[in-house]
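The values are calculated or read from the model by the stated rules, or taken from the named source; none is laboratory data. Note that the coordinates shown come from a computational prediction; the quantities given were computed from them, not determined experimentally. Note that each Cβ is placed from the backbone with ideal geometry, even for glycine, and that neighbours are counted across all protein chains shown. What goes into the accessible areas is simple: the full protein's heavy atoms, side chains included, and nothing from ligands, DNA or RNA. Shrake-Rupley method; radii C 1.70, N 1.55, O 1.52, S 1.80 Å.
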Amino acid sequence: MPEKQWMLEEIRRMKKDMNALILAHYYQTGDVQDLADVLGDSLDLSRKAADSSADVIVFCGVQFMGETAKILSPEKTILMPRPDAGCLMADMAGVEEAERLRREYPGAALVAYVNTTAEVKARVDYCCTSANAVNLCRQIPEQEIAFLPDRNLGQFVASQVPEKTFHMADGFCPTHHFVEPQEVHEARARWPEAEILAHPECTPEVLALVDFVGSTSRILERARVSPARQLVICTERGILHPLKKASPEKEFLVLSPRLICPNMKKNGVEDVYLALKNRQYAVEVPEDIRTAAYRSLERMLEYA
Ligand code: 13P
Ligand code: SF4
């Protein structure tokens with residue numbers, strides 16, 4: 001039996017023996033997405049981690065996703081196949097930045113994108129994902145919001161919620177931030193019939209030129225119902241895998257060669273196999289940080 005096939009069968013067997021569930025984000029490689037029990041965006045996967053009756057969750061994503069699962073479900077063992085799969089944006093705003101925003105804007109609600117460390121989540125009032133950031137910021141009672149770490153997502157939310165005052169941290173996602181407006185113009189010239197869909201982590205200059213802005217799950221939904229036969233995607237290229245599966249009759253193109261997140265690509269099938277075999281690498285969050293972070297994450301789950 002070829003090695004990969006053997007590993008897939010072992011993964012299936014160990015999952016059953018350990019009552020384990022494999023979660024994977026849309027930015028994972030196609031191989032890893034195909035072996036997952038649940039595929040989703042950050043919000044779907046957080047919900048699934050919280051609601052599942054599994055004893056063990058293998059989280060195929062990046063560090064903040066595994067930490068979020070552990071904060072929401074401390075009784076479960078959360079395994080990250082690659083402990084070095086971090087998020088460069090989450091590293092851009094630490095505790096000092098959260099404390100600076102609190103000091104400078106004492107009347108503002110502190111809202112953190114879920115792409116942050118557990119220590120930051122423990123210090124903020126609310127967490128959100130790109131799927132519910134607009135609704136959450138619109139519906140919370142506070143009129144003034146300090147948003148971290150992503151200034152691009154923050155500016156997009158502010159443009160959709162003009163009735164409130166926003167203050168931004170200065171972080172960004174290198175995968176999305178360095179896409180250039182010129183690349184959108186080039187895509188329009190090359191594929192004039194195509195619809196262009198972008199993630200709100202892109203700059204406001206890029207977002208102003210595209211046809212649709214949304215989180216990964218919203219991009220998937222829009223692509224499914226769009227009348228366009230050709231769609232140009234401006235988010236991490238892993239999303240092509242579920243897009244093509246959902247709409248095999250459509251053509252999907254990636255706007256820029258920059259749209260690859262090296263950390264999301266670290267997990268392979270063998271890492272998932274080793275995670276289950278050796279019960280590695282278990283996520284741990286100190287209890288005082290976990291309980292404080294739980295409050296802001298619990299609020300995140302209240303908004304669609
Ligand atoms: P989603 O919230 O759309 O899943 O995106 C997560 C992410 O890391 C985007 O770069
Ligand atoms: Fe973080 Fe950007 Fe990678 Fe998402 S794509 S995990 S925000 S570095």
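Of note:
- Estimated translational diffusion coefficient (Stokes-Einstein, Kirkwood radius over Cα pairs, 4 °C, 1.567 mPa s) of the range 138-233: 90 µm² per second.
- Alpha carbon convex hull of the range 12-56, projected area averaged over orientations, nm²: 3.1
- Dividing the radius of gyration of the alpha carbons in the range 1-75 by their Kirkwood radius gives 0.98 for Rg/Rh.
- Divided by 2.2 N^0.38 Å, where N counts the residues, the Cα radius of gyration of the chain comes to 0.99.
- Dividing the radius of gyration of the alpha carbons in the range 185-235 by their Kirkwood radius gives 0.94 for Rg/Rh.
- Three principal axis extents describe the C-alpha atoms of the range 254-303; from largest down they are 38, 37, 17 Å.
- Coordinate range of the alpha-carbon atoms in the range 169-304 per principal axis, descending: 53, 37, 27 Å.
- Across the range 1-92, Cα pairs under 8 Å and at least six residues apart give a relative contact order of 24 percent.
- Summing +1 for each Lys or Arg and -1 for each Asp or Glu among the other residues whose beta-carbon sits under 13 angstrom from that of residue 17 gives +3.
- Of all DSSP beta bridges confined to the chain, the antiparallel ones make up roughly 5%.
- Amide hydrogen neighbours beyond the local backbone of residue 168, cut-off 5 Å, H modeled: 147
- Cα convex hull, the range 40-142: 103 Å³ per residue, rounded to a whole number.
- With the charge dipole of the chain set up from +1 on Lys and Arg Cβ and -1 on Asp and Glu Cβ about the Cα centre, the Cα lying farthest toward the positive end among the listed residues 259, 157, 36 is that of 36.
- Residue-normalised convex hull volume from the C-alpha trace of the range 87-129: 58 Å³ per residue.
- Residue-wise HN-Hα coupling along the range 199-212, computed from phi with Karplus coefficients 6.51, -1.76, 1.60 (Hz; x: Gly, Pro): 7, x, 7, 6, 5, x, 5, 6, 4, 5, 9, 9, 8, 8
- Solvent-accessible area per residue for the range 74-160 (1.4 angstrom probe, square angstrom): 36
- Relative contact order (%) - criterion: Cα under 8 Å, at least six apart; region: the range 112-181: 28
- Distance between the C-alpha centres of the range 203-257 and the range 126-153: 23 Å, rounded to the whole angstrom.
- When the chain is treated as a Gaussian network with alpha carbon springs shorter than 10 Å, the biggest mean-square fluctuation among 65, 18, 80 belongs to 18.
- Shape summary: the range 206-265 maps onto an equivalent ellipsoid whose semi-axes, from the alpha-carbon gyration tensor, are 18, 14, 10 Å in decreasing order.
- Each eigenvalue of the Cα gyration tensor of the range 103-167, multiplied by 5 and square-rooted, gives one semi-axis; in descending order these are 16, 14, 10 Å.
- Flagged links, alpha-carbon separation over 28 Å, of 70/245; 76/265; 164/265; 15/48: 70/245; 164/265
- Relative contact order for the chain, counting Cα pairs under 8 Å that sit 6 or more residues apart, in percent: 24
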